[in-house]
Amino acid sequence: MAAMINVGFQNCFNFILLCLFSLLCYSLLFRKPSSRQDAYGCDLPPSPPSLPIIGHLHLILSSLVHKSFQKISSKYGPLLHLCIFNVPIVLVSSASVAYDIFRVHDVNVSSRGPPPFEESLLFGSSSFISAPYGDYWKFMKKLMVTKLLGPQALERSRTIRADELYRLYANLLDKAMKKESVEIGKETMKLTNNTICKMIMGRSCSEETGEAERVRGLVTESTSLTTNFFLAAILRKPLKMLGISLFKEEIMGVSRRFDEVLETILVEHEEKMEEHHQGTDMMDVLLEAYEDENAEYKITRNHIKSLFVELFFAGTDTSAQSIQWTMAEIISNPKILERLREEIDFVVGKTRMIQETDLPKLPYLQAVIKEGLRLHPPLPLLVRTFQEGCKIRGFYVPEKTTLIGNAYVMMRDPNVWEDPEEFKPERFLASSRLRKDEERREQALKYIPFGSGRRGCPGSNLGYLFIGTAVGLMVQCFDWRIKGDKVNMDEAGGLNLTMAHPLKCTPVPRNQPLLAANLQMPSS
């Protein structure tokens, strides 16, 4: 995968250079920017040396984009002005600078730039994730936090997640009995994908009927295209001027296949509603809003489809990767594994499997999960757009400037984290003893695995449930044997933080009474 992304970057780079090295392109892209900074009497943030035409593109032309940005910020500072062709970017790499921005300018940076492909279901014009901060976004955010992903909605779907967690356990147990190795990422991808499928579509979606597997394949394709999305979004304006649609064919291909799956499911749900079927899955909730003539905002079928594509995209692979990273850290730290297992055995016991309702009583498990997310955030870069020009720490930032917050670097900032590169869950156990002012600093954007501000991820609670129960299950029920002396923790390329060498282990059953107590699938 990393090699493919490197080739993609290089081909893209060469192609764009061929297009831009002409007098026409030079005249189009090098018009002098207006000096609106004079209104504030201050300059743009500092900027590294750049090259003609391409600006700072050469500094980030790497498969590990967050690492490239980290290298730039470590040399030039935590607040920088970059330019890729004629696209202005402000790069933020410290929690204190991010806090200054979000404390004063949260609304100003609560939108993202126009989508590179408006007709795409993923990050297109009907997208929730890339929607501007306005009536549609506010309506959908309210719907998500109240009826789709809020506490009551999660409680209603708890049995679905329990069933799928048990399915993971049974599959791992089968592999253990056969002494077969498993790829943790693939197994947990099935868990998260099947669960979200059922939460969205109802119990008709299952591994046996094929919908879940088809969706999982599309999610994998979408994830592999994240770097392409990023490039297409950043380079949208200069490429549009040249009549170039970068990566459009492959992105729209995935979008069309998603559309086919979701249209079929929409029609099935509409037919059930005509028969007065009272469903409680997410599709039913969205269809009720769709047909409500008095709704605050009139959503379309494409709004529904786009939201579900983004739920699949944001909730399956990212959670699966977080589980894999956290298990890799736990296996690499035997003392942490032993302490975690002691806590689970004491609270849950050895005769039943861990449940979501156990999580609040397992503070060390919660600390382990938070520490895993700190070191390995699912999406290391946060991308927004300044809607208006503003002043940041004495520097002027023009309107329509892209804001890139390097969450990966912020959560490894030595100024706010002791031993930032080490996996130390204990750092999160001390938070309850902090003074109030220190607690506020704790929230001041030094820990942001799910983003921050108004555009923070509304599914973070679901993510914690996925990671907490899956990691708890694997620690409680199995020992894990790896090949070699240690786990390879190298990162792969792309905008999602993935392992270059997927974690492969052989599970060994423990807690024999637990095995006997779980021979039957929990009833639905």
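A few points about this structure:
- Top-ranked residue of the range 137-147 - restricted to ones that are within 18 Å of the chain's Cα centre (by Cα) and of a type outside the set (D, E, K, R), ranked as surrounded by the fewest Cβ atoms within 10 Å (Cβ to Cβ): VAL145
- Per the conditions (1) part of a helix (DSSP H, G or I); (2) at pLDDT 95 or above, the sole criterion not satisfied by GLY315 is (2).
- The range 497-510: number of residues that are in a loop (DSSP other than H, G, I, E, B) and surrounded by 18 or more Cβ atoms within 10 Å (Cβ to Cβ): 3
- Conditions (1) closer than 26 Å to ASN228 by Cβ; (2) at pLDDT 95 or above; (3) surrounded by 22 or more Cβ atoms within 10 Å (Cβ to Cβ): number failed by ASP490: (3)
- Of the residues in the range 307-322, at least one is of a type in the set (D, E, K, R) and buried (at least 22 other Cβ atoms within 10 Å of the Cβ).
- Filter result (surrounded by fewer than 22 Cβ atoms within 10 Å (Cβ to Cβ) and among the small types (Gly, Ala, Ser)) within the range 287-306: ALA289, ALA295
- The residues on offer are SER130, SER120, SER125, and the sole one that is part of a loop (DSSP other than H, G, I, E, B) and either in contact with a helix residue (DSSP H, G or I) (Cβ under 6 Å, 6 or more places away or on another chain) or of a type in the set (Phe, Trp, Tyr) (or both) is SER120.
- Put simply, of ILE196, ILE101 the only residue that is crowded, with 23+ Cβ neighbours inside 10 Å, in contact (Cβ under 8 Å) with a residue 40 or more places away in the chain, more than 19 Å from the chain's Cα centre (by Cα) and in a helix (DSSP H, G or I) is ILE101.
For every residue, the table says whether it meets (1) aromatic (Phe, Trp, Tyr); (2) touching a residue at least 60 places away in the same chain (Cβ under 8 Å); (3) closer than 24 Å to ILE299 by Cβ.
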{"position": "LEU91", "(1), (2), (3)": "no, yes, no"}
{"position": "ALA95", "(1), (2), (3)": "no, yes, no"}
{"position": "ILE129", "(1), (2), (3)": "no, yes, yes"}
{"position": "ASN171", "(1), (2), (3)": "no, no, no"}
{"position": "GLU180", "(1), (2), (3)": "no, yes, no"}
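- Test: residue in the range 62-84 that is under 26 Å from THR226 (Cα atoms), at pLDDT below 85 and not small (Gly, Ala, Ser): no
- Criterion violated by ILE53 - all others in (1) of a type in the set (A, V, I, L, M); (2) in a strand (DSSP E or B); (3) free of Cβ contacts under 8 Å to residues at least 60 places away in the same chain satisfied: (2)
- Evaluated against (1) part of a helix (DSSP H, G or I); (2) within 27 Å of the chain's Cα centre (by Cα), LYS272 falls short on exactly one condition, (2).
Here's the yes/no breakdown for (1) among the basic types (Lys, Arg); (2) buried (at least 18 other Cβ atoms within 10 Å of the Cβ); (3) touching a strand residue (DSSP E or B) at 6+ places or on another chain (Cβ under 8 Å); (4) modelled with pLDDT of 95 or more:
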residue: PHE346; (1), (2), (3), (4): no, no, no, yes
residue: THR351; (1), (2), (3), (4): no, no, no, no
residue: LEU359; (1), (2), (3), (4): no, yes, no, yes
residue: LEU365; (1), (2), (3), (4): no, yes, no, yes
residue: VAL368; (1), (2), (3), (4): no, yes, no, yes
residue: GLY372; (1), (2), (3), (4): no, yes, no, yes
residue: HIS376; (1), (2), (3), (4): no, yes, no, yes
residue: THR402; (1), (2), (3), (4): no, yes, yes, no
residue: LEU429; (1), (2), (3), (4): no, no, no, no
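- The sole residue among ILE251, ILE244, ILE304, ILE323 that is modelled with pLDDT under 90 and part of a helix (DSSP H, G or I) is ILE251.
- Test: residue in the range 134-155 that is under 17 Å from ALA407 (Cβ atoms), of a type outside the set (S, T, N, Q) and assigned to a loop (DSSP other than H, G, I, E, B): no
The values are calculated or read from the model by the stated rules, or taken from the named source; none is laboratory data. Keep in mind it's a predicted model, so treat the numbers as computed, not measured. Neighbour counts are summed over all protein chains in view; Cβ atoms, including those assigned to glycine, are modelled from backbone coordinates with ideal geometry.
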